[in-house]
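These notes are about the structure you will find just below.
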Amino acid sequence: MLAQRYQQSRAKDDLAGAVSALRQAAAISPDDHVILNNLGIALILRYERFEELQDLEDGITVGRTALHLTPIDDPARAMRYYNLGTAIESRFDRMGRLEDLSNAISMFRHAVELTPNDHPNLANRLAGLGSALQNRFSRHGQRSDLEEAIAIKRQAIREAYRDDPKLPEFIYRLGSALEESFRNFGDSQNIDEAISLFRLSIELTGKDDLSVTSRFHGLGVALQLRYERSGNDIDLQNAILADSLAYNSTSDDEPRKARYAHCLGVSLKGRFTRFGDVGDLSSAVSLHRRAAELTPEGHPDKAMYFNGLWSVLQCRWERLRDTRDLKDAITVARRALEMIPDDHPSKAHYAYFLGVSLQHLFGQSHLQKDVEEAVKMHRLAVDLTPDGSTSMAMRIESLGNALQLRSTHLEELKDLDDAITLQQRALDLTAEADIERPIRFSNLGQSYSIRFSRTKDLHDIDTAISMYEHAVDLTPEGHALLAGRCQGLANSLCAAVQKSLDPSDFTAAFDNYMRAATNASASFYTRISAALGCVHLCSYFLHLSLPYYFLRSHTTFIELIPRAISAENSFRQRLQRMVEIGDTVNTVVKRITQFGVLELAIEWLETGRSVLWADYSQLRPPVDGLRSQHPEVADRLERAAATLERRGWTSGPRTGQLDPDDQSSLPFGASVADEAMQYSLAAEYEKVLEEVRALEGFQNFLRPKRFADLAPAAKDGPVVVINIHDESDAIVLCPGGHLVHVPLPSLTYQLVETMRSDLLDLLRRCGVHARDSTRASRTVWKQKDIRNRFCRILELLWVHAVQPLYHLTTDRMPHLTWCPTGWLAMLPLHAAGIYKGDEHIAVSDFVVSSYTPNLSSLIVAASNNNTATPPSNFSILTVSQSQTVGHFPLPGAAEETAKIRDYFPNGTALADDAATIDTVLEAMRHHDAVHLACHGVQDVEDPSQSAFILHDGRLALSRLVAKSMRGADFAFLSACQTATGVENIPDEAVHLAAGMLAVGYRSVIGTMWSIGDRDAPIVADVFYASLKKLREEEPEAMKGRSTVAYALHDAVQFLQERVEEDRFLEWVPFVHFGF
């Protein structure tokens, strides 16, 4: 009774009670085959619910005993055979022992033979035999087993009574066998019939029947399979609906939950591949991880779930290019391959997957061992795949792809010839309507294109173009992979243009590059790569490129940059992307400058540089106007932006990094769902942003700024934008919006690189790596060659970068803001000059210098000046650290901050142990300005972790940018390396000074390298004295001007005179950013 009640209630206590009661009964009557049979059934039921292996073993043992004790002529003997066969087959499913499967089939055959033709259970026993034969096919791959299984399952349906409650199950099982046949042998009639049968089984199953979830699962799998072959989007959407219903209707303690998670993940990955929504991909990763986590070690399905996880990690690597995903995919693939016995049919499947990831790893490592192992895995996959398998084409092609890759490394033409042969064979094996056919054409086109580059045989490039054209024609518009195929076609056409100089080939190449670059479904990595290809096309063939082509290609490339460095990626990834494309930005701007279109040059520089800060600003959108008209949309935009902002400045190790040596568990951490949510929010942010831009009056909301929007940056004085190239250019933005182009032909990229390298060498030799280290450097500085080399750098800056601009200064001590690009951003333009003999001349003799990472930052800073606090109410937070564990003592810090209070008594002083991270961050919100006298560090590996050293640790840039100090006056960073850029991405100005500017301070004083502990108090004293005088005694004269910049100028001039002018190390590092 308890066992029957469990069938309805699914209550654990009912099942446990049934087992306990039956054990007691069996102990009293050990030879009662009826009691033993019932006990065996109850144990098997409990195993199916909780998958405790001991229950299964006990159930089989008890079942064998019950069968042995059952009289030969007892009608129940057939049922005992059937129950025992079911249990033994379950053990095969769990343990994979082949003798179990053979024994199960034998049990089922006995059960069928002992059952009369008109018996009501004949259909059920036939269905069991058919399923066991299908199971053996899955293990051995003998087609005769599957054909017999289908025939027996059809017979089961014919034998079933019309009102048999198990009829829906028999129909479902036949559908499963037909789906298996299609999966392996490709008969489309079988999958169509399977789907019809699955739907019929669902219709015949009561909505409250617990088995309905498994039938929705089967339908989802079949629809997904048919989609993979036909590409019908309706099948894909219906598969997701069916899989979602099965997954969401199943509790976490149900063993089937893992399988349902796996299948829903497969369907969502398919939708990502089709439409390119990263949210789908992230959800798929989470589901596949969940499937693996829910499955115990040793379970036969563990390898399949690892395979699913591999698939989505590999896919995400291809989309987002996070190397950690690729390494995780390889770890998962290796573990899955190790779990599969050598004689298992799916061994080929797992070898193939590992080979694919190793190919991609070789693209990163360029190590021959990686590509050799990839070829080995793909050969193994081909050798293990039986003739006639629908997987053969894919595995042959993948071996060809691996040989193609090896040929590029070893320059072996034979490998390339073999690759083409294999890829052609794969194409020949692929049906006309197969969704994989465009991929086959695309890969074959790539191989012919590579061979053309080696042999220059025109037949090869013509064939490559033809192959790519087929691939493009067969790919539906809006497909996420269309862009890559268009780009491949464009690359081949570009190669043809070099030979033919045919304008029609040029136009076709241009059109396909642009089609790829503007494909909204493609990854931004692919899109910007295509745009870059188009830029190069127009540059190489200027005689074929009309102005329209030039402007469209270059504008598309520039406008894609901020989206490519998108909030979907980690901070570290975005830095890497900027390294890849930074030089091209300078080249593009150089070309448009040569055409004299200066306004566009300014716009392009603004869009293509300091992208990280522009991206950060975009994630703090000005929504006041939007909120007044569309409050609900404004709220959604702010929520998505705030979440992305927090994630975008995180670049530590991702929770869930796989340990290849940990074979016992899956260390994914606790934030799987969070990861999916983060990527989904990136998609949501883009979606809401497009929704805003569709509203009347908001068409240009957060779009790249036009020149008219940028012109106010020169409100307080000219801004000099210097674009570094082989022959550099300065574009001077003057007050009123006038632009002046000043060619700087002698300021070459090579010269700037030499000056930068020389300066870094000098700083390292002088040991200026921490505040107060100039004491230790004085002995080095006394060496004449050191001083002369520094002097030479400043002279070169004057002659090649500054002197050509000298004629533009007419006012006495105007405020001039430098906006340099490339390595020039790491050189002290504000100190350029000739510091020897009678020729003495310097920038500081004529202008007050400031810096800005971009024009937008300057505009924001200047606009915030309208909210400046009156001098009488001005308050300042001072933070000092005289003693910091692990760092030199700073006795001058206390003196420095004490002097500040002599000039500005309002405020708060936090010193030593009172200056903790949280206390300082909170206090900054309540003061107009902050002065930090402490150690600072520049983290060159991860610039987001550059930090101020406080009492309880590091106040990192990533923490600072999470705060908003909009409208705050200034920050004086009397610490080391607070305005030191990152060497490989100088255009991004990823340092503490720029960070303080971004969070809302109008002005920031920082240091380009370490400063002396005795120099800092001098500069601070003179700075605050001058600032007080300018604001209180000369308010009208300084109205609308940067008093902070002028006050710093005075302080540095004072220090320069006090320590001797040629002690550049001490006075040069102080710089001003902002307004």
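The values are calculated or read from the model by the stated rules, or taken from the named source; none is laboratory data. A quick note: this is a predicted structure, and the numbers were derived from the prediction, not measured. Note that each Cβ is placed from the backbone with ideal geometry, even for glycine, and that neighbours are counted across all protein chains shown. Side chains included, ligands, DNA and RNA excluded: accessible areas come from the protein's heavy atoms. Shrake-Rupley method; radii C 1.70, N 1.55, O 1.52, S 1.80 Å.
Determine whether L997 is aliphatic (A, V, I, L, M) and surrounded by 24 or more Cβ atoms within 10 Å (Cβ to Cβ).
Numbers: aliphatic (A, V, I, L, M): yes; surrounded by 24 or more Cβ atoms within 10 Å (Cβ to Cβ): yes.
Yes; evaluated as a whole, the condition is true for this residue.
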Residues located in region 751-768, provided they are touching a residue at least 24 places away in the same chain (Cβ under 8 Å) and not charged (D, E, K, R): L751, V752, M755, L759, L760, L762, L763, C766, V768
Every residue from region 84-110 that is within 24 Å of A303 (Cβ to Cβ) and hydrophobic (A, V, I, L, M, F, W, C): A87, I88, F92, M95, L98, L101, A104, I105
Answer residue from region 1000-1044, given it is of a type in the set (S, T, Y) and assigned to a loop (DSSP other than H, G, I, E, B) and is surrounded by the most Cβ atoms within 10 Å (Cβ to Cβ) among those: Y1001
Region 381-430, residues that are in contact with a helix residue (DSSP H, G or I) (Cβ under 7 Å, 6 or more places away or on another chain), among the β-branched types (V, I, T) and free of Cβ contacts under 8 Å to residues at least 40 places away in the same chain: V382, T385, I396, I420, T430
From F506, F452, residue being touching a His at 6+ places or on another chain (Cβ under 9 Å), crowded, with 20+ Cβ neighbours inside 10 Å and among the aromatic types (F, W, Y): F452
The lone exception for E896 - which of (1) among the charged types (D, E, K, R); (2) in a loop (DSSP other than H, G, I, E, B); (3) open to solvent by less than 20 Å² (accessible area, probe 1.4 Å) it fails: (2)
Near pairs, Cβ below 8 angstrom, 6+ apart or cross-chain, from region 45-65 (acidic (D, E)) to any residue that is assigned to a helix (DSSP H, G or I) and open to solvent by 50 Å² or more (accessible area, probe 1.4 Å): E52/R46; D55/R46
Residue within region 917-933 that is outside any helix (DSSP H, G or I) and open to solvent by 40 Å² or more (accessible area, probe 1.4 Å) present: yes
Selection from region 455-483 of residues that are not in a helix (DSSP H, G or I) and not small (G, A, S): K456, D457, L474, T475, P476, E477, H479, L481
Positions within region 124-180 being open to solvent by less than 30 Å² (accessible area, probe 1.4 Å), touching a Phe, Trp or Tyr at 6+ places or on another chain (Cβ under 6 Å) and assigned to a helix (DSSP H, G or I), in sequence order: R125, A127, G128, L129, A132, D145, L146, A156, G175
Test for A66: is it small (G, A, S), part of a helix (DSSP H, G or I) and at pLDDT 90 or above: yes
Residue count for region 209-251, restricted to those that are among the acidic types (D, E) and within 13 Å of D192 (Cα to Cα): 1
Residue check, L405 in a helix (DSSP H, G or I), over 17 Å from S449 (Cα atoms), open to solvent by 20 Å² or more (accessible area, probe 1.4 Å) and among the aliphatic types (A, V, I, L, M): no
Test: residue in region 424-434 that is at pLDDT 95 or above, open to solvent by less than 30 Å² (accessible area, probe 1.4 Å) and not aromatic (F, W, Y): yes
All positions within region 349-375 that are in contact (Cβ under 8 Å) with a residue 12 or more places away in the chain, open to solvent by 40 Å² or more (accessible area, probe 1.4 Å), assigned to a helix (DSSP H, G or I) and over 15 Å from Q314 (Cβ atoms): Q368, E372, E373
Among (1) closer than 16 Å to S131 by Cβ; (2) of a type in the set (K, R); (3) surrounded by fewer than 19 Cβ atoms within 10 Å (Cβ to Cβ), the one test that R97 misses: (1)
Per-region count, region 704-733, residues loosely packed, with under 15 Cβ neighbours inside 10 Å and under 25 Å from S863 (Cβ atoms): 2
Some residue of region 595-614 being in a loop (DSSP other than H, G, I, E, B) and modelled with pLDDT under 85: yes
